[in-house]
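The block underneath contains the structure these notes are about, expressed in structure tokens.
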Amino acid sequence: MPTVGHDRLRKEGPQKLTGTALYVDDIPVKGIWHGVTVRSSVAHAKIKGIRFLKGFPWRQAVVVTAKDIPGENCVHLIEDDQPLLADGITRHALEPVALIAHPDRATAYNALNFVEINYEPLPSVLDFEKSKKILKTFSIKKGDAKKAMKKAWKKVDTTFRVPHQEQAYIENNGMMAWFEPDGTLVLQGSLQCPYYIVKAMKPIFKLPEEKIRVIQAVTGGGFGGKEEYPNIISGHAALLAKKAKRPIKMIYDRHEDMSATTKRHPAVIKHKAGIDKKGRLVALDIDIVMDAGAYVTLSPVVLSRGILHASGPYECPNVNIHASIVQTNTPPNGAYRGFGAPQTLFAAELQWEKLADASKIDAVKLRERNLVKIGSELSTGQILKESVGLKKCVDTVLKRSRFTALRRDHDKWNKKKTSPTWRGVGFASVHHGSGFTGNGEVFLKSKASVTLTKSGRFVIETASSEIGQGSMSTLCQIVSDALGVPYEWVELEANDTSRVPDSGPTVASRTCMIVGGLLYRAAKQLKAAIEEKAKKIPTTPAVLKEVAKKLAGKKSVFRITTEYEKPADIEFDDTTYKGDAYGSYGYAAIAVDLEVDRTTYEIKLNKIWTAQDIGKAINPLIVEGQIIGGTTQALGWAVFEKPIYKNGVMQNAEFTNYIIPTALDTPPMDVVIIEEPYSRGPFGAKGVGEMPMDIPAPAVCAAIKQATGLFFPEIPVTPEMIAAGIARKG
Amino acid sequence: MQVKINNKNRSFNGTPFKRLIDVLREDFGLTGTKEGCSEGECGACTVLLDGKPVNSCLISICQVEGAAIETVESLGLPEKLHPLQESFLREGGAQCGICTPGMLMTAAAYLKAGGDPSPDAIREELAGNLCRCTGYQHIINSVAKALSENKK
Amino acid sequence: MKLLTARDEREALRLYKRYPEALPLAGGTDLMVGWNTGRLNGKTILDLSRLKDWARIRETPMGVWIGALATHTAIRVHPAVKSRFPLLAESSETIGGRQIQNQGTLGGNIANASPAGDTFPALAVYEAKIHTVSDAGRRVVPFSEIFAGVKQTTLQKGELIEGVELTTPSTEPCRQGFRKVGTRAAQAISKTVFAGLLWLNKDRTVDDIRLALGSVATSVRRLEHIETSLTGQKLDPKAITRALNLLSRDIHPIDDIRSTRDYRMLVSRNLITSFLNAR
């Protein structure tokens, strides 16, 4: 029986549900010591000295500073600008300066009270809008935006602002490190990208790749926050392990995790748009600035995804976009679900409200005149050849939400003086590129394998990490259907770099489509090999075992490995930003219904309708879970979440004051999955993980506009902002 | 001192001002209970104290002498799930799984009390358990399903 | 850290007399946060959890007695509290999540003296009496006199809160109102929190009125200027406006990490207005 398209039970579910799944802090290791991080307290300064004060039993502890690093003092990623431990200078508050390990966790933490760093302050830039240090720029040009804007019937010019966002996985960052007798460095912890860590450890420890082994522990959420940051905590734990000559465990507490690790990049987007009399978008002139924080990390790639999504899922013949990312003396920002796209799509979508005001044409109607379809040309000149379900998404949401009628009802309700609330419903539609940007997949050269063991088991070997998104089940379903065997026959090898090939990182909505695609091909080849020996796929384990023995010969397994191959007709030019930025795009539409209390200005989210075209839902329940979960994170960003900084230090670095939605804040959601298959995705699948994050915020702002008449080109929209806005209106 | 953990009498002889979560995890190897925030906001460390959900990161072992503690390990095993765990599995109530043990314990107390199966009531009951993956809807469905099957 | 365990009331008082610097541990939902951040290192803790008598709630001829160690859950579900002091039951339900309600205690909440204590406006309008006990004897402190400032009480050395006495008003109020405005729908710290009781005469003049707000001053207190202004007046828009103009004498909100002065002022005003207008 085919499994694709059906809700198969989560492979790792029973372990997670019984408390038997082992997260990094649950794994018992004898003789392990606990590591903690000494961090700087100022935004930019020369470090004159580090003093380890009396009163702490330093003899029981191990201390590591930059001089203990055997190789290069850098966190290897895109640019090697970030030191693993600050050496002589700190470029942001909470920068790691030294490391301490002690047999007892509480004592290790207490040691931090006995370290004093002396600084010589240097001038710091904390507000990115004032920063002149540009780290990277991109431009997209199509047609003549300047000329077209001049000729446009109506034009609008709005500046949009979006803040940092904390990933707020419930499991904090954590890592264990030890050295095997043969010198192999082993790291085990909470992470998304095991091979990133292998590559990052190489220059630090001057070790060849085969002497570095990374194992993923069960991981309690990532959302990008465990994409590149684990490189740092791995390096730290390993340095301590080397010096202490014993295993080390570093588990951040919530305060440290929130204040010191990466966040979504804040952005300011100056967005000009022009339409003609028919309501067609004729010109876009967009300037994007993002805040990288103190180091480059993944910022150029975030910026790239940002600019590539900046024009929204609409046709526009004349586009001019400039994007830059600047440096500040704040903790570095990094990967977070959506990766630049939620920032630019917020502007692209909310601008329709302004265009509607200017043209007196409804914002949804305006969008409908501009939606991309098959044959449309995007801002990079990419022609959409297939799998464009945008209109279906839009129609589905409008119909299921009774959008037009609901809006009318709300207008009536809002006019009544006795109504206790103001009501509003807002709409947005987006696209999201699946997989790595541009030529990213070509550079990654990802590999994945399907094996048949001599004992007759099918085992998937991939470095794609299960982080809650359901990749284990999804990949097993793809492989079991490609092979034509029961779901229960397929399992996953442990995510351990000594056992699985580099399948690229678990990011960018790529696991199902890209890695799933590799595995699909591998499974099909394996099936062919089996059929060669046995005519057809065996239906009993006993027969399968016989075939497996024949295929494996002298080896213990028969393995098929596939590697990413760029489709010949997909071309992207990294220098001109022209061409096919992504092989395919997902599409989504949303309606957000809310009300604002007239007494307290509190926002109550009442209902969400969303339809998302993801090509094919391999496991609809898991897909729905991704959509509802991502939507909830985005709703949090829209109405609650904002890290507050003072002197470059996050002030609300705990769950008491960094507010994420509870069950009671989250509205019921009506989710429809649209399936416009992508010919190169496994069973037609495209990406799903990030798109739900892109779309709710502008719809929330549009709904608040209908409710209160107030237009906020920034988030989060708080009761305080609404109260002030109402007071201004009088 | 004596304390009943998952229906077994246990004695604890360590420092009397140790957090319940640490006693469970370090002294009794019950690592199903998770620590998310150390300040009673996220509910990942929820266990039952005499049948009522509490945050085990905010309780010192000295406060629970003679009491009955239940953790996620008291519910079911991977091969023999408790009906509540079964409905979480079928309805997609667990994703990354880190909030799941705490969520299950709050829900277990609600299930035992024969709580109101309406989504709004369940949302209110679970508001002390943060989840960042699911957006809660599948968790609400899981609890509602367990409640309805309980009634059958 | 030093732990003192009291088996009964007498031992608790004796220990507290000997170690007046000790921090009494009731439910621990606040104290333990300090433990987790290392703020309690080197401190002495007086564990009161064995004083089971202090967790009782009982109906009295005059009202309700709530032991200091009664949990918010016990309070919110208690039939006598629900029927006679509904604002206290309602406010207890808005504290934290179920876990905090099951462990946190009313006595601990009061002793903690947060300016944002969710039950405090209700206790203020019900004119709760705080019963204290020490080695030297017992005292009754009116709720209005229990707080000395942010996180400060007027409790004396060696003195513990034993319980809270609530007296049913001689005539039933014709209106009771509670509303908490927090940082989100649940599990939130209040930005402003309101409780009010109103008695109207037949001619719609105000016989008596009690209003209180939290999170808008160093401690929760009654709105004396507004109450005085309205007492004896007909509850018309003019009288309400006149009274509300005195709001800035009664509350002194500030900008902080959770909200702004302006918002707290405006919303406090709106909460009172909607209570007075029965909306």
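The values are calculated or read from the model by the stated rules, or taken from the named source; none is laboratory data. Keep in mind that what you see is a predicted model, and the values were worked out from it rather than measured. Because the Cβ atoms are built from the backbone with ideal geometry, glycine has one as well, and the counts that use them run over all protein chains shown.
Remarks
- Residue count for segment A:559-596, restricted to those that are part of a strand (DSSP E or B) and either surrounded by fewer than 19 Cβ atoms within 10 Å (Cβ to Cβ) or without any contact (Cβ under 8 Å) to a residue 12 or more places away in the chain (or both): 6.
- Checked against the criterion of being over 25 Å from the mean Cα position of the chain (by Cα) and not charged (D, E, K, R), segment A:380-392 contains one or more residues that satisfy it.
- When segment C:227-263 is filtered for residues that are within 9 Å of another protein chain (Cβ to nearest Cβ) and surrounded by 17 or more Cβ atoms within 10 Å (Cβ to Cβ), the ones remaining, listed by number, are C:Arg258, C:Ser259, C:Thr260, C:Tyr263.
- Here A:Ile32 clears all of (1) closer than 30 Å to A:Val623 by Cα; (2) within 14 Å of chain B (Cβ to nearest Cβ); (3) among the β-branched types (Val, Ile, Thr); (4) touching a residue at least 24 places away in the same chain (Cβ under 8 Å) except the condition numbered (1).
- Residue list for segment C:112-139, restricted to those being surrounded by fewer than 23 Cβ atoms within 10 Å (Cβ to Cβ), under 24 Å from C:Lys157 (Cα atoms) and among the aliphatic types (A, V, I, L, M): C:Ala113, C:Val133, C:Ala136
- Among the strands (runs of 3 or more DSSP E) confined to segment B:1-75, the ones with at least 2 residues that are at the interface with another protein chain (Cβ under 10 Å from one of its Cβ atoms) are located at B:46-49, B:52-55.
- Residues within segment A:383-402 that are touching a strand residue (DSSP E or B) at 6+ places or on another chain (Cβ under 6 Å) and either part of a strand (DSSP E or B) or buried (at least 20 other Cβ atoms within 10 Å of the Cβ) (or both), tallied: 8
- Test: residue in segment B:106-125 that is over 26 Å from C:Gly28 (Cα atoms), under 13 Å from the mean Cα position of the chain (by Cα) and among the polar types (S, T, N, Q): no
- Within segment C:52-65, restricting attention to residues that are buried (at least 18 other Cβ atoms within 10 Å of the Cβ) and of a type in the set (A, V, I, L, M), the residue that is nearest to the other protein chains (Cβ to nearest Cβ) is C:Ala55.
- Residue match in segment A:666-674 (condition: surrounded by fewer than 19 Cβ atoms within 10 Å (Cβ to Cβ) and assigned to a loop (DSSP other than H, G, I, E, B)): yes
- Taking the criterion of being of a type in the set (S, T, N, Q) and within 16 Å of C:Asn270 (Cα to Cα), the residues of segment C:177-196 that qualify are C:Ser190, C:Thr192.
- Qualifying position, being surrounded by 20 or more Cβ atoms within 10 Å (Cβ to Cβ), at negative phi and either outside the structural domain of A:Val319 (by TED's automatic domain parsing) or aromatic (Phe, Trp, Tyr) (or both), among A:Thr90, A:Thr107: A:Thr90
- Annotation: A:Gly689 fulfils all but one of (1) at the interface with chain B (Cβ under 9 Å from one of its Cβ atoms); (2) buried (at least 24 other Cβ atoms within 10 Å of the Cβ); the unmet one is (1).
- Selection status of A:Ile514, within 24 Å of the chain's Cα centre (by Cα), away from chain B (no Cβ under 14 Å) and within 29 Å of A:Gln167 (Cβ to Cβ): yes
- Of the residues making up segment A:506-522, not a single one is hydrophobic (A, V, I, L, M, F, W, C) and more than 30 Å from A:Arg305 (Cβ to Cβ).
- Every residue from segment C:61-117 that is under 18 Å from B:Ile59 (Cα atoms) and among the basic types (Lys, Arg): C:Arg98
- Conditions (1) out of contact with any Phe, Trp or Tyr (no Cβ under 7 Å at 6 or more places or on another chain); (2) within 24 Å of B:Asp50 (Cα to Cα); (3) within 14 Å of another protein chain (Cβ to nearest Cβ); (4) surrounded by fewer than 19 Cβ atoms within 10 Å (Cβ to Cβ); number of the one not met by C:Pro79: (3)
- Every residue from segment A:675-703 that is of a type in the set (A, V, I, L, M), in a loop (DSSP other than H, G, I, E, B) and in contact with a strand residue (DSSP E or B) (Cβ under 9 Å, 6 or more places away or on another chain): A:Val688, A:Ile695
- When restricted to residues that are surrounded by fewer than 19 Cβ atoms within 10 Å (Cβ to Cβ) and under 21 Å from A:Leu345 (Cα atoms), segment A:110-137 contains 2.
- Within segment A:490-526, being assigned to a strand (DSSP E or B) and surrounded by fewer than 20 Cβ atoms within 10 Å (Cβ to Cβ) holds for A:Glu491, A:Asp496.
- Unique residue being among the aromatic types (Phe, Trp, Tyr) and within 14 Å of chain B (Cβ to nearest Cβ) when the list is A:Tyr119, A:Tyr195, A:Tyr169: A:Tyr169
- Answer from A:Lys263, A:Lys249, A:Lys242, A:Lys226 - the residue that is in a helix (DSSP H, G or I) and not aromatic (Phe, Trp, Tyr): A:Lys242
- Selection within segment C:7-51 - within 11 Å of chain B (Cβ to nearest Cβ), closer than 19 Å to C:Ala68 by Cα and either without any contact (Cβ under 8 Å) to a residue 12 or more places away in the chain or among the small types (Gly, Ala, Ser) (or both): C:Ala26, C:Gly27, C:Gly28, C:Met32, C:Ser49
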